[in-house]
Amino acid sequence: MTSLIAVLAAYLLGSLSFAVIVSRLMGLDDPRSYGSGNPGATNVLRSGNKKAALLTLVGDAVKGWLAVFIALALASSLGLTVRDIALVAVAVFLGHLWPVYFRFQGGKGVATAGGILLALDWRVGLITLVVWLVIAKGFKISSLAALVAALLAPVLTAWLMPERDYLYATLLLSVLLIVRHHRNIRDLLSGREGKIGQSGGGEAG
């Protein structure tokens, strides 16, 4: 029962869509109504408000980190197993993708996945983040950076984390993240994918 409550709480936390929340608080248009329609930091950047985009990025990452961090911190006292913590990681990610508070219209999960990885193992999270930054800065295409990071994360998890349940969770997160980028993948293959800050594609969130 405790594990079920932890998973449900993680999903509800993940359902806080900071792209929508920050935009409303700052008097901006709903990010689902312009650009790609994706409620993520990259699409919020298209509003021209860099502060709103940064707050969205941080908020989405922190909620992923916080859900897993709390589960790890309370694991002993609540009797949570490694599998329970892995399920918490998946639940907070699913909340971001399909948020119950916002008609299940969520983002693509890049920032939230990054926060989750940092909480599970700071080495995996940090290496993945550095790779994302290098690709994003070098190619100016956020979706490409996200896809490379998604492919790398399970490899790093298998290498640095002995817990098999964490590997399964990371694999699921990576698969879902790649699936959410299916349109970006088509645009990348056809050479139509836009760059960061442009009104077209090239995003993650």
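The values are calculated or read from the model by the stated rules, or taken from the named source; none is laboratory data. These figures come from a predicted structure and were not determined experimentally. Cβ: placed from backbone, ideal geometry, glycine included. Neighbour counts: every protein chain shown.
Miscellaneous remarks
- All positions within segment 164-186 that are surrounded by fewer than 18 Cβ atoms within 10 Å (Cβ to Cβ) and modelled with pLDDT under 95: 182, 183, 185, 186
- Filtered residues of segment 122-164 (kept if under 20 Å from residue 183 (Cα atoms) and either among the basic types (Lys, Arg) or over 15 Å from the mean Cα position of the chain (by Cα) (or both)): 135, 136, 139, 140, 141
- Members of segment 4-53 that are under 20 Å from residue 69 (Cβ atoms), buried (at least 17 other Cβ atoms within 10 Å of the Cβ) and either free of Cβ contacts under 8 Å to residues at least 24 places away in the same chain or touching a Lys or Arg at 6+ places or on another chain (Cβ under 8 Å) (or both): 13, 14, 16, 18
- Taking the numbered list (1) in contact with a His (Cβ under 9 Å, 6 or more places away or on another chain); (2) in a helix (DSSP H, G or I); (3) modelled with pLDDT under 95 in turn, residue 150 passes all entries but (3).
- The set of residues from segment 145-162 being farther than 16 Å from residue 93 by Cβ and touching a Leu at 6+ places or on another chain (Cβ under 6 Å) comprises just one member, 158.
- Of the residues making up segment 18-58, just one is polar (S, T, N, Q), closer than 17 Å to residue 112 by Cα and not in a helix (DSSP H, G or I), namely 38.
Each row is one residue, and each column tells you yes or no for (1) surrounded by 20 or more Cβ atoms within 10 Å (Cβ to Cβ); (2) at pLDDT 95 or above; (3) among the charged types (D, E, K, R).
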{"residue": "60", "(1), (2), (3)": "yes, yes, yes"}
{"residue": "66", "(1), (2), (3)": "no, yes, no"}
{"residue": "81", "(1), (2), (3)": "no, yes, no"}
{"residue": "86", "(1), (2), (3)": "yes, yes, no"}
{"residue": "89", "(1), (2), (3)": "yes, yes, no"}
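- Residue match in segment 177-196 (condition: under 24 Å from residue 33 (Cβ atoms), of a type in the set (A, V, I, L, M), touching a residue at least 60 places away in the same chain (Cβ under 8 Å) and part of a helix (DSSP H, G or I)): yes
- For the residues 80, 66, the requirement of being part of a helix (DSSP H, G or I), among the hydrophobic types (A, V, I, L, M, F, W, C) and in contact (Cβ under 8 Å) with a residue 24 or more places away in the chain singles out 66.
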